[in-house]
Amino acid sequence: MKPKVYIARPISQEVEEYIGEHCDYRKWEGEGRIPLDILMEEIKDVEGVLVQHAPVTDKLLEGAPNLKVISNSAVGYDSFDLEAMKRHKVLGTHTPFVLDETVADLVFSLVLATARRVPELNNFVKQGKWDKETESHDLFGIDVHHATMGIIGMGRIGEKIVRRARLGFEMDVLYNSRTPKPELEEKYGIVYSELETLLEKSDFVVLIVPLTPETHHLMGEKQFEKMKNSAIFINCARGAVVDERALIQALETGQIRGAGLDVFEQEPVSPDNPLLQMEQVVALPHIGSATEKTRAAMAMKAAENLVAGVTGKNPPDVVKELQELLEDPHRFSEKFNSK
Ligand SMILES: NC(=O)C1=CN([C@@H]2O[C@H](COP(=O)(O)OP(=O)(O)OC[C@H]3O[C@@H](n4cnc5c(N)ncnc54)[C@H](O)[C@@H]3O)[C@@H](O)[C@H]2O)C=CC1
Ligand SMILES: O=C(O)C(=O)CO
């Protein structure tokens with residue numbers, strides 16, 4: 001008998017067929033994101049579920065005693081309650097590497113769009129405001145090439161941003177990360193920096209760390225105060241890494257020049273959020289990895305992790321905090337063989 005799984009987000013025919021070869025599956029066919037109560041109902045009897053950012057809580061795991069694996073079709077897994085997953089011996093997987101270049105592209109599109117005011121000036125032209133008098137310096141932007149970029153988080157995506165910054169735009173790059181990366185310093189000529197110095201010296205501050213208890217509100221009032229008045233802040237990580245109230249204040253008071261945001265503390269962002277009223281803010285709907293090719297690669301990777309997890313194999317992309325579960329012989333006998 002094939003193991004039962006649930007597919008909680010839209011996937012391509014190809015990925016669905018791959019899952020179908022190995023598993024009996026049901027899938028979410030409703031509009032938009034699956035409501036949490038429906039997800040909980042649907043996964044009561046399954047051994048694996050494919051999700052994207054759905055909150056994995058103790059309650060959800062309690063209601064799904066057969067679960068062996070939760071495959072997240074995303075690289076960030078702040079939606080996982082890792083301690084609860086350890087207790088319930090449920091593997092959690094994610095989709096590293098396949099989206100790095102695509103997310104780095106989006107970071108640069110936010111950098112360029114904010115620096116050169118692309119959306120604002122696009123509206124300006126389309127609204128018929130382009131006449132002789134307006135050819136003044138109030139349409140000018142700032143240079144990206146040869147400026148200083150400070151990157152907070154030097155992991156898989158951080159490295160791809162560095163390559164673009166150094167080789168494409170000849171920028172100086174400072175970085176801050178939990179551990180220094182001497183090989184990248186050597187390869188690209190980037191410089192490790194304490195956070196405070198990075199904030200003080202950078203023309204563009206790019207945030208690309210995971211959301212963890214340690215990084216929650218990493219950027220707050222004190223951090224924005226350190227930034228140059230001419231600097232631009234880019235967040236392609238998670239909304240809650242930033243104290244949004246402090247960001248709004250920094251933009252309103254001119255403490256910083258502008259912001260490019262792919263993520264928000266509340267998603268979808270509320271239409272009343274003051275950030276959406278500001279011309280110096282470029283806002284995107286959390287689409288860092290959303291190209292057709294990359295989303296297809298993420299879905300296939302997620303499917304491979306799902307299938308491995310329910311067929312007794314080690315999924316290739318178990319998140320690092322849960323890899324200890326793979327080494328637990330007790331877990332293998334209880335979870336994989338006796339269910
Ligand atoms: N906007 C979007 O659509 C996307 C957002 N993301 C976000 O980007 C994050 C990073 O992705 P990857 O580069 O693949 O992760 P990664 O794990 O390869 O790199 C993260 C880096 O952040 C560093 N870091 C962790 N805590 C830190 C701290 N307190 N201070 C400074 N550095 C710290 C780590 O040392 C590591 O170098 C994801 O966790 C996800 O939340 C990822 C993909 C798409
Ligand atoms: O992969 C992630 O973490 C995202 O946010 C969406 O690609």
inquiry  = With the structure loaded, tell me whether residue 258 is modelled with pLDDT of 95 or more and over 14 Å from the mean Cα position of the chain (by Cα) or whether it fails that test.
reply    = yes
note = For residue 205, the lone unmet condition from (1) more than 16 Å from ligand 2 (Cβ to nearest atom); (2) part of a helix (DSSP H, G or I); (3) among the β-branched types (Val, Ile, Thr) is (2)
query = Only one of (1) in a helix (DSSP H, G or I); (2) free of Cβ contacts under 8 Å to residues at least 12 places away in the same chain; (3) polar (S, T, N, Q) fails for residue 179. Which number is that?
reply = (1)
note = Only unsatisfied item for residue 312, checking (1) modelled with pLDDT of 95 or more; (2) under 27 Å from residue 10 (Cα atoms); (3) exposed (fewer than 13 other Cβ atoms within 10 Å of the Cβ), is (1)
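Within region 1-46, can you find the residues that are hydrophobic (A, V, I, L, M, F, W, C) and over 14 Å from residue 306 (Cα atoms)? First the steps, then the outcome.
Taking region 1-46 first, the residues hydrophobic (A, V, I, L, M, F, W, C) are 1, 5, 7-8, 11, 15, 19, 23, 28, 34, 36, 38-40, 43, 46.
Scanning region 1-46 gives 1, 28, 34, 36, 38, 39, 40.
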inquiry  = For region 45-83, give me the residue count where each residue is surrounded by fewer than 20 Cβ atoms within 10 Å (Cβ to Cβ), of a type in the set (S, T, N, Q) and within 16 Å of ligand 1 (Cβ to nearest atom).
reply    = 1
ask   = Looking at residue 232, is it of a type outside the set (D, E, K, R), under 23 Å from the mean Cα position of the chain (by Cα) and away from ligand 1 (no atom under 16 Å from the Cβ)?
value = yes
key: Selection from region 138-166 of residues that are surrounded by 20 or more Cβ atoms within 10 Å (Cβ to Cβ), free of Cβ contacts under 8 Å to residues at least 60 places away in the same chain and assigned to a loop (DSSP other than H, G, I, E, B)   = 147, 154
key: Subset of region 258-280 [touching a strand residue (DSSP E or B) at 6+ places or on another chain (Cβ under 9 Å) and within 16 Å of ligand 1 (Cβ to nearest atom)]   = 259, 260, 261, 262, 263, 264, 265, 269, 275
request  = Could you please let me know if residue 279 is part of a loop (DSSP other than H, G, I, E, B) and in contact (Cβ under 8 Å) with a residue 40 or more places away in the chain?
outcome  = yes
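The values are calculated or read from the model by the stated rules, or taken from the named source; none is laboratory data. Everything numeric in this text was worked out from a predicted model, so none of it was measured. No Cβ is skipped: glycine too gets one built from the backbone with ideal geometry, and neighbour counts run over all protein chains shown.
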